[in-house]
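Below is one structure, written out as structure tokens; comments come after it.
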Amino acid sequence: MVFEIINGTIPIVNGLIDHPLVKAVTFVGSTKVAKIISQRCRNLNKRCIALGGAKNHLIAVRDCNIDMCSTDVLNSFCGCTGQRCMAASNLLLVTEQKKLIEAICLKTSKIIPGASKYQLGPLIDQLAVNRCKKYVDNAVSNGAKILVDGRTWVDGRPGFWFGPTILLITDPKDPSLHDEIFGPILSILIVQSDEEAVKFENRNSYGNAACIYTTTGLTAEWYRKHLSAGMIGINIGVPVPREPFSFGGNKDSKFGSYDITGDGGIEFFTWRQKCTTKWVI
């Protein structure tokens, strides 16, 4: 086996896709690029799994375990400084839940910048910082309330810092609820019913992950059947199945016929050969 990393932009990518010795292509990145790569491979009749963006949803009903849920929410939207496709950046509360919000904000406010355990690292570059600040500023102008403000990390500290931020959104159309921000920002929206929560999640163009927090099995099963994401968590903030189970989303989060791991991954990376024989004795 040979493992090689090639750094490059569009010409390098197109060269790899177009090369006759390359039989299959996998990709993880933005939805825009995933679509382009998938279409180019399809035109060449090559196998392709292209994973795109995500807007993952956490949903909490009133009977959720507050301590577990608040810890999971924090870890989910702050893990890797929010710079991962499995980060959950939306929290839908089925009716107002002040104690849960208070617990999440309390734990979030204790995070400090750094690289040690229980600390949060920097973003990748200044563009990422600017992008996060833009979404927070826009949300505020749309009537959102800042419960934890990570913009205070930006000034007076060398590096690309943006602290964990929690927004209580009042406008369901606010871009922070719909765009993949790729930073440590949690947007909270209060809905009035389970049906409203599911409808909001289903309308999103992405379909990577969604999680339900409840202590009732019947409620969990109802959500499992009605959520549209490809990976569902029940009291799990980052619902990544471990191998040999499959990883992959739906809608604009994945382009291709297989998942990237598990049985789908084995099928993708394997060419089946069918042999029919007949012998004369």
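The values are calculated or read from the model by the stated rules, or taken from the named source; none is laboratory data. Small disclaimer: the values here were computed from a predicted structure and weren't measured. Reconstructed Cβ throughout: ideal geometry from the backbone, glycine too, with neighbour counts over all protein chains shown.
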Residue in region 54-79 that is nearest to LEU92 (Cα to Cα), counting only those that are part of a loop (DSSP other than H, G, I, E, B) and in contact with a strand residue (DSSP E or B) (Cβ under 6 Å, 6 or more places away or on another chain) = VAL61
remark   = Across region 141-160, the tally of residues that are touching a residue at least 12 places away in the same chain (Cβ under 8 Å) and either touching a His at 6+ places or on another chain (Cβ under 7 Å) or surrounded by fewer than 20 Cβ atoms within 10 Å (Cβ to Cβ) (or both) stands at 11
task = Please specify each residue of region 137-158 satisfying the condition of being within 11 Å of PRO175 (Cα to Cα) and either part of a loop (DSSP other than H, G, I, E, B) or at pLDDT below 95 (or both).
result = ASN142
query = Any residue at all in region 14-35 that is among the acidic types (Asp, Glu) and either surrounded by fewer than 10 Cβ atoms within 10 Å (Cβ to Cβ) or within 24 Å of the chain's Cα centre (by Cα) (or both)?
reply = no
request  = Go through region 97-117 and give me each residue that's surrounded by 15 or more Cβ atoms within 10 Å (Cβ to Cβ) and in a loop (DSSP other than H, G, I, E, B).
outcome  = GLN97, ILE111
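Could you say which residue among GLU180, GLU195 is in a helix (DSSP H, G or I) and out of contact with any Pro (no Cβ under 9 Å at 6 or more places or on another chain)? Explain how you work it out, then say what you get.
On the way: GLU180 fails: in a helix (DSSP H, G or I).
One residue alone meets the criteria, GLU195.
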remark   = SER38 meets each of (1) within 28 Å of LEU120 (Cβ to Cβ); (2) part of a helix (DSSP H, G or I) with one exception, condition (1)
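Yes or no: region 4-21 includes at least one residue that is hydroxyl-bearing (Ser, Thr, Tyr), over 25 Å from LEU120 (Cβ atoms) and out of contact with any helix residue (DSSP H, G or I) (no Cβ under 6 Å at 6 or more places or on another chain).
yes
Taking the residues in region 161-171 that are in a loop (DSSP other than H, G, I, E, B) and buried (at least 19 other Cβ atoms within 10 Å of the Cβ) as candidates, determine which candidate is farthest from the chain's Cα centre (by Cα). Show your work before the answer.
Start the filter on region 161-171 by keeping residues that are in a loop (DSSP other than H, G, I, E, B), which leaves 161-164, 170-171.
So of that shortlist, the ones also buried (at least 19 other Cβ atoms within 10 Å of the Cβ) come out as 161-164.
Values: TRP161: 21, PHE162: 19, GLY163: 19, PRO164: 16 Å.
It comes out as TRP161.
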ask   = Here are some residues: ASP72, ASP63, ASP67. Which one is assigned by TED's automatic domain parsing to the domain that holds THR165, touching a Gly at 6+ places or on another chain (Cβ under 8 Å), charged (D, E, K, R) and at negative phi?
value = ASP72
message = I'd like the residue in region 227-238 that is surrounded by fewer than 21 Cβ atoms within 10 Å (Cβ to Cβ) and not small (Gly, Ala, Ser) and, out of all such residues, is modelled with the lowest pLDDT.
response = VAL238
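Okay, residues lined up against (1) without any contact (Cβ under 8 Å) to a residue 60 or more places away in the chain; (2) exposed (fewer than 14 other Cβ atoms within 10 Å of the Cβ); (3) on the phi < 0 side of the Ramachandran plot:
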| site | (1), (2), (3) |
| --- | --- |
| SER76 | no, no, yes |
| GLN83 | no, no, yes |
| SER89 | no, no, yes |
| LEU92 | no, no, yes |
| THR95 | no, yes, no |
| GLY121 | yes, no, yes |
| ALA128 | yes, no, yes |
| LYS133 | yes, no, yes |
message = Just the residues that are more than 19 Å from the chain's Cα centre (by Cα) and outside any helix (DSSP H, G or I), please, taken from region 217-265.
response = PRO244, SER257
